[in-house]
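Shown next, in C-alpha cells, is the structure this report addresses.
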Amino acid sequence: MKLFKQLLIVFTGVILLISCNENKVKKETKEVNTSQKAKKLSKPNIVFLLADDMGYGELGSYGQQTIKTPFLDDLASKGLRFTDFYAGTSVCSPSRAVLMTGKHTGHASIRGNKGNINNKWDRVPLKKSEIIIPEMLKEAGYQSAMIGKWHLGVPEDVSTWAKGRGFDYAVQEQWGEDKNGNEIDERVHWVNNNQDSIFYNYNDYSCLDEFRTNFALDYLDNKDEDKPFFLYMSYRIPHAHEYFLSKNDLYLDKIEEWPEIERRHAARITMLDTQIKRLFDKLEERGELENTIIIYTSDNGPTNENYHDYRFFNSSGNLNGYKRDVYEGGVRVPMIAYWKDKIKPGESNHPSTFYDIMPTLAEIAGIEAPKQTDGISIVPELFGKPQKKHDYLYWEIQEGKSIKGFRQATRFGKWKAVRYGDNYHTEIYDLEKDLYEQNDISDAHPEIVKKANEILRNASVKDEHWPYSGGVFK
C-alpha cells in the first residue's frame, strides 16, 4: 500500500509537470504567433489616448512639481514631446468634433457643448455627412474601437453614438433622456450602442478609468489578428465630475495639508498614469508595441469645477486661462507621440492642433485624407523631416445662449489674437515675448489687429445651431 501511494504521488507529479509544460508551450506559441502576425501587418496600429480636461502643466514632463506621473513622463522622454500643441477648442464636445472630423471649429458642426436645436438649447450631434476618423480608416482596412466618453451624439438617437459612426466596437457612457423620455444612468456603459450594458460599481475599481481599461485589454486579446487596429481611449480623468471615487491611499501624507478635493484630483491623475501603463504592458506582452504609434493628449485646458481650483497645482503651467477660455491655458495641451524605435526622442515646438490628427493618421495608414479637413499632416515632424506649417490656427466656442459666451482666437506665427463676443475688441499678444498673455498690445499694432480680424471673420462659417457664428463685429 505504501509503495502504491508513492507511485501515485510520482504519477500525479508527472501529469502536473506535463500539463504545466503544455500550458507554457501554448502560451509561448500564442505569444510568438501574435508577434509574428503583428510583424506581418503592412500598416501600423494606432492608439489615441485622450485625457479629459488635463491642463498643460499637469504632467511632470510639462513642469508639474507635485502630482506623480512616472510612466507618462518616461514616455515623454522616449517619444516626441510637443510644446505648442493645441486642442480643437476649450471644452469637451466641440474639441472632440474637431479631432474626429479634421475641421476647425469655424467649420465643424459642433461648436459648443450645447446649441440651438429647434429653438431649444440642447446637444448637437455630428452631421452624418461629416466623415470621421474610424470611417476614414476603414477604407485602409482598419478595425476600430472606442472606449469611454463619446460626447458627439445625442442620447435619444443611438445612430449618433460611437458604434453608429464607424467604430466596430464601442463601449461608452451616456447621459440625458432616451427616446422614451427615461433618464439614462451615466454609470451604465453601453456596448455597441444598446447591444449590451454593464454597470460601473465604483467600489470595485480604483477609478472609472480602471474599469474602462479592462475593456481595452479584452479588446486587444479578442480583435481580428489579421487587421491593423485603431483604438481610441477616451478617458475620464481628470474631469471634475466622476460619479464617485473609491477610497485610495494616494497622497495620504498630504491629507492635512491639501483640501480633500485636491488630494483626489492628484490621485486620479496618478491613477490614469497607472492605467496607461497597463495598456502599454498589454501591447508589449502581445508583441504589438513595435508596430503601434501612440498619441497622448487632452481635449482642452484644466478644469476649475466641482470645488477644484486649477491654480492649486498650477494645472495650466502658468498659461493664462483654463477650460472654456480661448487664451493659451484653455487650448494649449500636452501631446506626446511615441512609436518604438521609429519616432526619435526629442521636443517639437511646431504649432499643431487637433485638426491635424486626421490627415496625420491618413498618411500613416497610406490613404488620402478627406477633402473636408482643415489640417496638415504632422508625419514629417514626427520623423524629423521638413514640415509644412499653417498660415494660422483657429478656435471658436459658444458657451451658453448669450453673446458673452461666444469666443474666438487665432494664432499666426508669434501673434495670438483673442476676441470675446461681448467686448467687441480684438486683443493681440506676442507669444515670443508674452507667452502668458499678460499685455494686450493691440493699440500698438493696428496692422496685426486688421489681419487677425480678417481671419476671425472668414474662418467662422455661419451655422444655424450657433447664433454668433461668423463673428461678432460692429
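Screening Trp121 on (1) in contact with a Pro (Cβ under 7 Å, 6 or more places away or on another chain); (2) surrounded by fewer than 20 Cβ atoms within 10 Å (Cβ to Cβ); (3) of a type in the set (Phe, Trp, Tyr) shows it passes everything except condition (1). Of Phe244, Phe230, Phe199, Phe215, all but one fail to be hydrophobic (A, V, I, L, M, F, W, C), touching a strand residue (DSSP E or B) at 6+ places or on another chain (Cβ under 7 Å) and open to solvent by 80 Å² or more (accessible area, probe 1.4 Å); the exception is Phe199.
Yes or no: the stretch 287-306 includes at least one residue that is in contact with a helix residue (DSSP H, G or I) (Cβ under 8 Å, 6 or more places away or on another chain) and modelled with pLDDT under 95. Yes, the stretch 287-306 contains a residue that is in contact with a helix residue (DSSP H, G or I) (Cβ under 8 Å, 6 or more places away or on another chain) and modelled with pLDDT under 95. Looking only at the stretch 167-189, residues that are of a type in the set (S, T, N, Q), open to solvent by 50 Å² or more (accessible area, probe 1.4 Å) and in contact with a strand residue (DSSP E or B) (Cβ under 7 Å, 6 or more places away or on another chain) come to 0 in all. Is the stretch 448-460 home to any residue that is in a loop (DSSP other than H, G, I, E, B), open to solvent by 60 Å² or more (accessible area, probe 1.4 Å) and without any contact (Cβ under 8 Å) to a residue 24 or more places away in the chain? No, there is no match, as no residue in the stretch 448-460 is in a loop (DSSP other than H, G, I, E, B), open to solvent by 60 Å² or more (accessible area, probe 1.4 Å) and without any contact (Cβ under 8 Å) to a residue 24 or more places away in the chain.
A quick yes/no check of all residues on (1) touching a residue at least 24 places away in the same chain (Cβ under 8 Å); (2) surrounded by 17 or more Cβ atoms within 10 Å (Cβ to Cβ):
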position: Asn349; (1), (2): yes, no
position: Ser352; (1), (2): yes, yes
position: Ile364; (1), (2): yes, yes
position: Val379; (1), (2): no, yes
position: Leu382; (1), (2): yes, yes
position: Gln387; (1), (2): yes, no
position: His390; (1), (2): yes, yes
position: Tyr394; (1), (2): yes, yes
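When Ser77 is tested against (1) in contact with an Asp or Glu (Cβ under 6 Å, 6 or more places away or on another chain); (2) assigned to a helix (DSSP H, G or I); (3) open to solvent by 20 Å² or more (accessible area, probe 1.4 Å), exactly one condition is not met: (1). Of everything listed in (1) open to solvent by 20 Å² or more (accessible area, probe 1.4 Å); (2) in contact with a helix residue (DSSP H, G or I) (Cβ under 7 Å, 6 or more places away or on another chain); (3) part of a strand (DSSP E or B), the single unmet condition for Ala369 is (3). Take the conditions of a type outside the set (Val, Ile, Thr) and over 28 Å from Cys92 (Cα atoms) and apply them to Arg286. Does it pass? Yes: the conditions hold for Arg286. Of all the residues in the stretch 325-347, those that are surrounded by fewer than 22 Cβ atoms within 10 Å (Cβ to Cβ) and either of a type in the set (D, E, K, R) or without any contact (Cβ under 8 Å) to a residue 24 or more places away in the chain (or both) number 5.
For the stretch 202-212, the set of residues classified as touching a residue at least 40 places away in the same chain (Cβ under 8 Å) and open to solvent by less than 60 Å² (accessible area, probe 1.4 Å) consists of Tyr205, Ser206, Cys207, Asp209, Glu210, Arg212, listed by residue number. For the stretch 413-427, the criterion of being of a type in the set (Asp, Glu), at pLDDT below 95 and either surrounded by fewer than 16 Cβ atoms within 10 Å (Cβ to Cβ) or within 29 Å of the chain's Cα centre (by Cα) (or both) is satisfied by at least one residue. Yes or no: Ser61 in a helix (DSSP H, G or I), modelled with pLDDT of 95 or more and either crowded, with 22+ Cβ neighbours inside 10 Å or acidic (Asp, Glu) (or both)? Here the answer is no, as Ser61 does not meet what is asked.
When the stretch 391-409 is limited to residues that are part of a loop (DSSP other than H, G, I, E, B) and more than 22 Å from the chain's Cα centre (by Cα), the one that is farthest from Asp122 (Cα to Cα) turns out to be Asp391.
Cβ-Cβ contacts under 8 Å between residues 6 or more apart (or on different chains), taken from a first residue in the stretch 59-84 that is over 15 Å from Arg332 (Cβ atoms) and free of Cβ contacts under 8 Å to residues at least 24 places away in the same chain to a second residue that is open to solvent by 50 Å² or more (accessible area, probe 1.4 Å) and basic (Lys, Arg), are listed as Gly60/Lys68.
Within the stretch 287-305, take every residue that is in a loop (DSSP other than H, G, I, E, B) and either open to solvent by less than 10 Å² (accessible area, probe 1.4 Å) or polar (S, T, N, Q) (or both) and give me the one that is farthest from Asp73 (Cα to Cα). The qualifying residue farthest from Asp73 (Cα to Cα) is Asn304. Out of everything in the stretch 128-166 that is in a helix (DSSP H, G or I) and open to solvent by 20 Å² or more (accessible area, probe 1.4 Å), what residue ends up being farthest from Gly181 (Cα to Cα)? The selected residue is Lys138.
Can you pull out every residue in the stretch 210-265 that is basic (Lys, Arg) and modelled with pLDDT of 95 or more? Listed by number, the residues that qualify are Arg212, Lys223, Lys227, Arg236, Lys254, Arg263, Arg264.
The values are calculated or read from the model by the stated rules, or taken from the named source; none is laboratory data. None of the values given here were measured: they were computed from a predicted structure. Every residue, glycine among them, receives a Cβ derived from its backbone with ideal geometry; neighbour counts consider all protein chains shown. Accessible surface areas use protein heavy atoms only, side chains included; no ligands, DNA or RNA. Shrake-Rupley method; radii C 1.70, N 1.55, O 1.52, S 1.80 Å.
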